[in-house]
Amino acid sequence: MRKYILILLTAALIMACNDDFLEKNPRTSLVEENAFKTYDNFKAFIFPCYEMFTNTTIATSLSNGFSQNAQYRGDVNAGYLTTRFNFNSYAFQTVQNATTGNGWNFDYIRRINIMLSHVDQDNELTQAERDHWKAVGYFFHSFWYMELVNRFGDVPWITQVLNETSTDAYGPRNDRKMVTDSILTRLKWAEEHIGDFEAKNGKNTINQNAVQAALSRFTLREGTWRKYHGLGDHDKYFSECARVSEILMAKYPTLYTGTDGQPAAGYGEMWTTEDLGKVPGVILYKEYRESTLLNNNNYVEHTSSHIIEMPQHTVDMYLCKDGKTISNSSLYDGDKDMYSTFRNRDPRMYHTIMPPYRVKAGKGDYNTWSFTDNPADREYIDIMGINSSTSNPGVGMKRLPAQNWGANLLAYVPNLQNGIAAQGTKAAAYVACRSGYYVYKNWNQWETNFNQAALNTSDKPIFKIEEVLLNYAEVKWEQGLFNQTIANMSINKLRERAGVDPMIVAEIDANFDPKRDTTVDPVLWEIRRERMIELMGEGFGFDDVRRWKKASWYINRQQLGMWIQQSKVNESLWDENTHLPTKSKSEGYIYLWADPIVEGKGWLDKYYLYQVPTDEIVLNPALEQNPGY
């Protein structure tokens with residue numbers, strides 16, 4: 001403990017001699033008894049808890065580098081996204097046995113409990129400051145427990161500082177409902193008592209709005225888990241979610257519309273903007289600064305290291321611009337080439353998957369280009385904006401044609417790994433994929449990129465009003481109160497920014513999407529679709545499909561890529577099962593991974609909860625394992 005305090009506390013203590021030193025803690029040493037005196041002492045000690053937002057245990061965590069190990073991972077596990085090299089371990093039952101780790105970690109909880117144990121003791125804090133630091137401690141304690149419960153269900157509820165001899169350190173897991181009710185109580189206390197200390201803490205720190213955003217997320221998650229997993233007593237969570245979401249919606253009435261002039265620019269720029277402190281609707285964000293704290297998210301997506309793709313069945317979830325599904329929209333142009341697949345679709349798709357194009361590269365020069373004679377080749381270049389830069393960094397957000405980290409031109413998309421690009425050109429080594437649908441949420445032209453170096457400074461959102469709007473829409477349906485007015489307050493604000501026609505609730509019936517899961521109400525299906533699209537690539541997917549108890553529907557799908565002629569794909573990417581039954585073997589959807597059900601695999605219900613690490617049970621036999629492991 002002493003070494004942590006020495007690292008964290010920056011105030012220097014003046015050495016002094018005193019003949020009563022045997023009766024007092026040494027003034028020259030920082031120990032727990034004298035380290036919590038000033039406001040800044042508490043601030044410095046709790047500061048490492050902000051690392052929760054980049055701790056990749058949490059699916060929505062942010063990454064300073066490879067986002068496939070952070071916020072993309074939750075959507076990969078959900079089956080929304082896929083990777084270039086690995087099939088879904090939940091679909092094929094290859095989840096490894098957990099001997100240690102697996103998210104069973106109480107280090108943050110110990111740190112927070114140490115701080116909380118000193119808040120009300122002898123120190124220089126005013127009562128308002130005591131309440132503030134207790135509220136901040138309750139926030140972080142609750143935020144980490146949200147993840148523990150989300151993974152394991154029943155967990156030990158620890159609010160005291162434990163050591164090796166504490167009997168509570170070797171007790172059983174507490175009931176999930178007791179733990180979540182305690183989390184709710186603490187978050188509500190924090191909401192009511194957290195102070196306005198922006199001048200002392202900085203603007204981008206935990207405040208009442210951040211607590212309310214966590215409440216909105218937690219109460220929807222727990223309420224729907226209780227409902228769909230048969231635990232009961234969920235209505236109070238729905239009421240809290242609706243209450244706190246309405247408060248935030250009033251505080252943040254405006255959505256960010258962006259600066260780059262592209263369709264849905266505000267949506268795309270949320271992950272590619274240098275200063276989110278100036279962006280409306282952002283409640284809390286991860287701040288990056290040149291020469292101080294950098295990331296390389298953008299760099300990775302400009303290289304061959306990025307492995308995140310989208311399977312065809314998720315592409316098919318994107319609506320057309322008229323707000324209708326691909327099954328019913330007159331705007332849908334089919335999927336027999338990528339130009340058709342992207343045409344007239346929800347523009348959020350263009351900011352998530354790199355759109356198709358083709359240009360002519362300058363002869364012997366990878367940094368110059370010109371348009372081809374085919375007007376279709378430039379359709380999405382004109383939509384996204386022309387990238388005229390030949391340098392690194394360039395200018396703008398998701399401009400086309402794309403470049404690699406060194407500003408070398410990518411002359412065509414799709415760029416199929418181990419395959420053949422359009423019109424017989426060999427695939428480039430960078431920005432390659434198997435499916436044709438390359439996910440590039442963190443991509444922009446303006447950030448500096450250098451091989452194997454973190455130089456990117458774009459901020460990343462932690463809490464934003466868009467999630468709250470989706471929480472509100474969903475919880476109002478769960479309360480039986482969703483109607484056109486609620487749709488206009490929530491989903492249609494997101495659609496208006498995206499450039500998609502509004503949801504008309506009265507038009508949504510059983511035939512609105514004939515490809516939906518028919519066990520889900522048609523309106524609820526559309527609310528969930530909107531959540532899926534708006535939050536794509538932000539890590540919510542696996543938590544969502546588990547709380548809805550619908551993991552098997554999303555995860556047991558065979559993952560296929562774009563439709564293509566066999567002559568343009570390397571044989572290793574082709575399989576006799578990839579074509580439609582009415583089509584010849586000469587064309588079809590690219591084979592990515594086998595059908596898990598055909599292979600005798602598929603989602604196991606034990607995966608709804610994670611395995612308690614076996615080493616923890618050895619250390620504490622009072623812990624019981626989750627069912628099925």
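The values are calculated or read from the model by the stated rules, or taken from the named source; none is laboratory data. Note that the structure is a prediction, hence the values are computed from the model and not measured. Note that we place each Cβ from the backbone using ideal geometry, even for glycine, and neighbour counts take in every protein chain shown.
Things worth noting here:
- Residue count for the stretch 426-452 under the criterion of being closer than 19 Å to residue 288 by Cα, buried (at least 18 other Cβ atoms within 10 Å of the Cβ) and polar (S, T, N, Q): the result is 4.
- Residues in the stretch 462-481 that are touching a Phe, Trp or Tyr at 6+ places or on another chain (Cβ under 6 Å) and either surrounded by fewer than 23 Cβ atoms within 10 Å (Cβ to Cβ) or among the hydrophobic types (A, V, I, L, M, F, W, C) (or both): 462, 465, 475, 478, 479.
- Positions within the stretch 570-624 being of a type in the set (Val, Ile, Thr) and either modelled with pLDDT of 90 or more or surrounded by fewer than 17 Cβ atoms within 10 Å (Cβ to Cβ) (or both), in sequence order: 582, 597, 598, 612, 614, 617, 618
- Taken over the stretch 249-262, the criterion of being out of contact with any strand residue (DSSP E or B) (no Cβ under 9 Å at 6 or more places or on another chain) and buried (at least 21 other Cβ atoms within 10 Å of the Cβ) is satisfied by 255, 258, 262.
- The residue that is nearest to residue 267 (Cα to Cα), among those in the stretch 497-516 that are surrounded by fewer than 18 Cβ atoms within 10 Å (Cβ to Cβ) and either of a type in the set (Ser, Thr, Tyr) or in contact with a Pro (Cβ under 8 Å, 6 or more places away or on another chain) (or both), is 499.
- Residues in the stretch 200-248 that are farther than 17 Å from residue 549 by Cβ, surrounded by 18 or more Cβ atoms within 10 Å (Cβ to Cβ) and aliphatic (A, V, I, L, M): 206, 210, 211, 213, 214, 215, 242, 244, 248.
- Residue that is nearest to the chain's Cα centre (by Cα), among those in the stretch 484-513 that are closer than 27 Å to residue 256 by Cβ and not in a helix (DSSP H, G or I): 490
- If you check 299, 350 for being aromatic (Phe, Trp, Tyr), touching a Lys or Arg at 6+ places or on another chain (Cβ under 9 Å) and crowded, with 21+ Cβ neighbours inside 10 Å, only one passes: 350.
Rundown of residues vs (1) in contact with a Pro (Cβ under 9 Å, 6 or more places away or on another chain); (2) buried (at least 18 other Cβ atoms within 10 Å of the Cβ); (3) of a type outside the set (Val, Ile, Thr), yes/no style:
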position	(1), (2), (3)
306	no, yes, yes
325	yes, yes, no
330	no, no, yes
334	no, no, yes
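- Every residue from the stretch 51-100 that is part of a helix (DSSP H, G or I), surrounded by fewer than 23 Cβ atoms within 10 Å (Cβ to Cβ) and touching a Lys or Arg at 6+ places or on another chain (Cβ under 9 Å): 53, 54
- Residue check for residue 559: crowded, with 23+ Cβ neighbours inside 10 Å and touching a Ser or Thr at 6+ places or on another chain (Cβ under 9 Å): yes
- Verdict on residue 289 being in contact (Cβ under 8 Å) with a residue 40 or more places away in the chain, under 25 Å from residue 508 (Cβ atoms) and out of contact with any strand residue (DSSP E or B) (no Cβ under 8 Å at 6 or more places or on another chain): no
- Condition met for residue 544 (within 24 Å of the chain's Cα centre (by Cα) and over 18 Å from residue 222 (Cα atoms)): no
- Matching residues, the stretch 310-361, being among the basic types (Lys, Arg) and closer than 15 Å to residue 376 by Cβ: 336, 343, 358, 360
- Here residue 107 meets each of (1) touching a residue at least 24 places away in the same chain (Cβ under 8 Å); (2) within 23 Å of residue 49 (Cα to Cα) with one exception, condition (1).
- Of all residues in the stretch 151-183 being within 27 Å of the chain's Cα centre (by Cα) and charged (D, E, K, R), the one that is farthest from residue 117 (Cα to Cα): 151
- Residue check, residue 485 surrounded by fewer than 24 Cβ atoms within 10 Å (Cβ to Cβ), of a type in the set (S, T, N, Q) and in contact (Cβ under 8 Å) with a residue 60 or more places away in the chain: no
- Taking the listed residues 205, 180, 159, 185, the one that is closer than 29 Å to residue 461 by Cβ and part of a loop (DSSP other than H, G, I, E, B) is 205, with no other qualifying.
- Which listed residue is of a type in the set (D, E, K, R) and touching a Leu at 6+ places or on another chain (Cβ under 7 Å), from 336, 321: 321
- Only a single criterion out of (1) more than 23 Å from residue 628 (Cβ to Cβ); (2) surrounded by fewer than 17 Cβ atoms within 10 Å (Cβ to Cβ) is not satisfied by residue 183, namely (2).
To keep it simple, each residue is scored yes or no on (1) assigned to a strand (DSSP E or B); (2) surrounded by fewer than 20 Cβ atoms within 10 Å (Cβ to Cβ).
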| site | (1), (2) |
| --- | --- |
| 318 | no, no |
| 367 | yes, yes |
| 376 | no, yes |
| 382 | no, yes |
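- Among the residues of the stretch 162-177, those identified as in a loop (DSSP other than H, G, I, E, B) and not aliphatic (A, V, I, L, M) are 163, 164, 165, 166, 171, 172, 173, 175.
- For residue 326, the conditions (1) out of contact with any Leu (no Cβ under 7 Å at 6 or more places or on another chain); (2) in contact (Cβ under 8 Å) with a residue 12 or more places away in the chain are fulfilled apart from (2).
- Neighbours by Cβ (under 7 Å, 6+ apart or cross-chain): first from the stretch 614-629, on the phi < 0 side of the Ramachandran plot; second among the β-branched types (Val, Ile, Thr): 614/99; 615/99; 615/100; 623/612; 623/617; 625/612; 625/617; 626/612
Yes or no, residue by residue, for (1) assigned to a loop (DSSP other than H, G, I, E, B); (2) over 19 Å from residue 463 (Cβ atoms):
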position	(1), (2)
210	no, no
222	no, no
230	yes, yes
245	no, no
255	yes, no
267	no, no
